[in-house]
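To keep things clear, I will list the structure first and then write my remarks on it.
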Amino acid sequence: MNRRNPFRGAVTLDGPSGTGKSSVARGVAVALDAAYLDTGAMYRAATVAVLDAGADPEDAAAVERIVAGARIEVGTEAGTERVEVDGVDVAVRIRSAEVTRAVSAVSAVPAVRRRLVDQQRALVAGAEAVVVEGRDIGTVVLPDATLKIYLTAAPEVRAQRRAGQLGITDAAAIDDLAADLRRRDEYDSSRADSPLRPAADAVVVDSSDLTQQDVVDHIVALAQAPLMTGDRT
Ligand code: DC
């Protein structure tokens, strides 16, 4: 934390899955004493609502109707994860394989995106300093953000990291993870509405050969550069 030269504004952190984005975003938020918003958690919560209603995630009309009627609430503190659908805590369920499989289809529905983007902008509006992670934050949600980061890593590296988190050592299972990551990247990058891509003014950070702490330190240093804090003396 740098009280003498505090960061004011929004840091956006976009990029594909499996880059360590969430851990990095939380680390940056804590270091900058900023609020934190995980927009992926909101798309995952919407997916829980769709699955609980017994709808097919590929049925865009049903998805639109169900999500329009669901109350999705998320917290904005880096230290705690609060995710609720209609008042029910779904923070653990949103990470299940079932939700992970269905979330790309739900997040490709334009009406779902419009609704959640409005909610994201409202949540961020009240914060003096905030770190927001997702896929389209720098391009669509907060195009005027102070600092935009696009975090990438090689698919094999991302699969290895995910395997480590899940305690998987079997080579075939790790290949499956890499295939799943590529499938989700392809889906997220090729959808018509808000595809995954770096903003023109984003700083691209490849974390393949960096530790998580290195990435956090790098982003915090960028955010605390005099230009970012308004301290130009
Ligand atoms: O970051 P994550 O894995 O929790 O994201 C879950 C899904 O939501 C992922 O398939 C992409 C989608 N997503 C999105 O379309 N836009 C965002 N701003 C955040 C996530």
- Query: Restricting the first residue to segment 119-134 and requiring it to be of a type in the set (Gly, Ala, Ser), which pairs with a second residue that is away from the ligand (no atom under 13 Å from the Cβ) and open to solvent by 70 Å² or more (accessible area, probe 1.4 Å) meet a Cβ separation below 6 Å and a spacing of at least six or different chains?
  - Reply: ALA129/ARG8
- Message: Filter segment 114-146 down to the residues that are within 9 Å of the ligand (Cβ to nearest atom) and part of a helix (DSSP H, G or I) and list them by number.
- Response: LEU116, VAL117, GLN120, ILE137, VAL140, VAL141
- Identify the single condition in (1) surrounded by fewer than 19 Cβ atoms within 10 Å (Cβ to Cβ); (2) touching a residue at least 12 places away in the same chain (Cβ under 8 Å); (3) on the phi < 0 side of the Ramachandran plot that ASP86 does not satisfy, given that it satisfies every other one. (3)
- From the list ALA163, ALA154, which one is more than 12 Å from the ligand (Cβ to nearest atom), at pLDDT below 95, touching a Leu at 6+ places or on another chain (Cβ under 7 Å) and open to solvent by less than 60 Å² (accessible area, probe 1.4 Å)? ALA163
- Message: Taking the condition of being open to solvent by 10 Å² or more (accessible area, probe 1.4 Å), of a type in the set (A, V, I, L, M, F, W, C) and either without any contact (Cβ under 8 Å) to a residue 40 or more places away in the chain or within 10 Å of the ligand (Cβ to nearest atom) (or both), how many residues in segment 25-38 meet it?
- Response: 0
- Residue that is surrounded by the most Cβ atoms within 10 Å (Cβ to Cβ), among those in segment 125-148 that are more than 14 Å from the chain's Cα centre (by Cα) and within 22 Å of SER17 (Cβ to Cβ): LEU147
- Message: Just checking, does segment 61-72 include any residue being closer than 26 Å to ARG161 by Cβ and open to solvent by 20 Å² or more (accessible area, probe 1.4 Å)?
- Response: no
- Output for segment 172-205, where each listed residue is closer than 15 Å to GLY15 by Cα, in a helix (DSSP H, G or I) and open to solvent by less than 40 Å² (accessible area, probe 1.4 Å): LEU181, ARG184, ASP185, ASP188
- Note on the structure: Residue set ALA41, ALA53, ALA111; condition touching a helix residue (DSSP H, G or I) at 6+ places or on another chain (Cβ under 7 Å), within 16 Å of the ligand (Cβ to nearest atom) and more than 23 Å from ALA223 (Cβ to Cβ); output residue ALA111
- Task: Identify, from the list ARG101, ARG95, the residue that is within 12 Å of the ligand (Cβ to nearest atom), open to solvent by 40 Å² or more (accessible area, probe 1.4 Å), farther than 13 Å from MET42 by Cα and not aliphatic (A, V, I, L, M).
- Result: ARG101
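The values are calculated or read from the model by the stated rules, or taken from the named source; none is laboratory data. This one's a predicted model, so the numbers in the text were calculated from it and none came from an experiment. Note that each Cβ is placed from the backbone with ideal geometry, even for glycine, and that neighbours are counted across all protein chains shown. Remember, those area values only see protein heavy atoms, side chains included, never the ligands or the DNA or RNA. Shrake-Rupley method; radii C 1.70, N 1.55, O 1.52, S 1.80 Å.
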